[in-house]
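Below: one structure, written as C-alpha cells.
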Amino acid sequence: MGKAIEKIASERGHEIVAKIDIHNIAERSKLCASNVDVVIEFSSPHSAADNLMFCMKAGLKTVCGTTGWLDKKMEIEQLCLENNAAFFYASNYSIGVNLFFKLNKFLAKMMGPHSQYEIFSSEIHHIEKLDSPSGTAITIAEGIMENNPSKKRWVNNEIPKNEEVPIWSSREGKIPGTHMVKYISEYDEIEIKHTAYTRIGFAIGAVLSAEWIIDKSGILGMDDMLKI
C-alpha cells in the first residue's frame, strides 16, 4: 500500500518528504507541522497506535488506513482534539467500499423485521494481511448492528448465536479484498458484494483524503469527505 500511495501521490504532483518504516523509525522525530502538510499512516496493527499518538502530539494532519489497533482510537482522538491536529480514519479508502457501507446499512434496516432471514457475512484477503477479521468486515458488521436491534455483537469464524453477526474470514493468494453480506431464508436469499481488483483504488482514496484534509482539523472520515 505504501508503494501504491507514493506512486499515486507523485503522479498527482505531491512531494514525498519522508518515508518512515521499521528501519528508520528514529527519523519520525524530524516530522513537524512546519515541514509536513499531511502524514499518511499505512503500517501494521502493532505500530499504528504509537505512530498516530506521535502525529497527534505533534499537531499533524494525519490520514490513517491501518486496521487492527482500534482499542486505542478514543485515546488518539482525544490527543487530536487537545493538539488541534486532524485525524482522518477509514477502515477502507475505496470509494466503492464506502458506498457499499451505506448500502449495507440500508439493507440491514429493511431486513431487521424479517427474522426468518439468517445473516451471513464474509471477507477474503491476501495471505499477507495480518489482522482478521478485516477492518472493513468489522465496519460492515457494525453497520448491520446499528440498524438491526436484535444483533448485539459480531463473531469471527464461529457459529453465531441469535444476537451475533457472523464474519467468516479467509486469507488466500494475492486477493486485494472481497466482502459479501447475505440474508438467507428457507425460500430465497439476498446478496450484496464488493470485489476489489487491485490496491490502486485504496491508494487513490487515501491520497484524495490527504488532499481534502489539508485545511481541516478535528476527527474526520469518509462520510465527511464524500458527504454521504
Need pairs with beta-carbon distance below 6 Å; first residue more than 22 Å from ALA33 (Cα to Cα) and in contact (Cβ under 8 Å) with a residue 12 or more places away in the chain and within the range 69-94, second in a loop (DSSP other than H, G, I, E, B) and among the polar types (S, T, N, Q); sequence gap 6+ or separate chains. SER91/THR67
Among all residue pairs at least 6 apart or on different chains, which show Cβ distances below 7 Å where the first residue, located in the range 96-107, is within 13 Å of ALA137 (Cα to Cα) and the second is assigned to a helix (DSSP H, G or I) and modelled with pLDDT under 95? VAL97/THR136; ASN98/MET222; ASN98/LEU226; PHE101/THR139
Of the numbered conditions (1) under 30 Å from TYR183 (Cα atoms); (2) open to solvent by less than 30 Å² (accessible area, probe 1.4 Å); (3) small (Gly, Ala, Ser); (4) out of contact with any strand residue (DSSP E or B) (no Cβ under 8 Å at 6 or more places or on another chain), ALA49 satisfies every one except a single condition; which is it? (1)
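Looking only at the range 173-184, how many residues end up being of a type in the set (D, E, K, R) and modelled with pLDDT of 90 or more?
1
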The range 1-56, residues that are in a helix (DSSP H, G or I) and either in contact (Cβ under 8 Å) with a residue 40 or more places away in the chain or of a type in the set (Lys, Arg) (or both): GLY2, LYS3, ALA4, ILE5, LYS7, ILE8, ALA9, ARG28, LYS30
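Give me a count of the residues in the range 1-27 that are open to solvent by less than 50 Å² (accessible area, probe 1.4 Å) and modelled with pLDDT of 90 or more. Walk me through how you get there before you give the answer.
Step one: list which residues in the range 1-27 are open to solvent by less than 50 Å² (accessible area, probe 1.4 Å), which gives 2, 4-5, 8-9, 18, 24.
Okay, now just the ones that are also modelled with pLDDT of 90 or more, so 4-5, 8-9, 18, 24.
Residues flagged as open to solvent by less than 50 Å² (accessible area, probe 1.4 Å) and modelled with pLDDT of 90 or more within the range 1-27 amount to 6.
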Scan of the range 73-121 for residues that are open to solvent by 80 Å² or more (accessible area, probe 1.4 Å), of a type outside the set (Lys, Arg) and not in a loop (DSSP other than H, G, I, E, B), ordered by number: MET74, GLU75, GLN78, LEU81, GLU82, LEU99, LEU103, PHE106, MET110, GLU118
Restricting attention to the range 126-159, and to residues there that are β-branched (Val, Ile, Thr) and exposed (fewer than 12 other Cβ atoms within 10 Å of the Cβ), which single residue is modelled with the lowest pLDDT? ILE127
So, in the range 151-168, of the ones that are outside any strand (DSSP E or B) and touching a Ser or Thr at 6+ places or on another chain (Cβ under 7 Å), which residue ends up nearest to TYR117 (Cα to Cα)? GLU163
Does the range 187-194 contain any residue that is out of contact with any Cys (no Cβ under 7 Å at 6 or more places or on another chain), charged (D, E, K, R), surrounded by 17 or more Cβ atoms within 10 Å (Cβ to Cβ) and in a strand (DSSP E or B)? no
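The values are calculated or read from the model by the stated rules, or taken from the named source; none is laboratory data. If you're wondering where the values come from, they're calculated on a predicted model, not measured in any experiment. Cβ atoms come from the backbone with ideal geometry, glycine included; neighbour counts cover every protein chain shown. The area values use the complete protein model at the heavy-atom level, side chains included, leaving out ligands, DNA and RNA. Shrake-Rupley method; radii C 1.70, N 1.55, O 1.52, S 1.80 Å.
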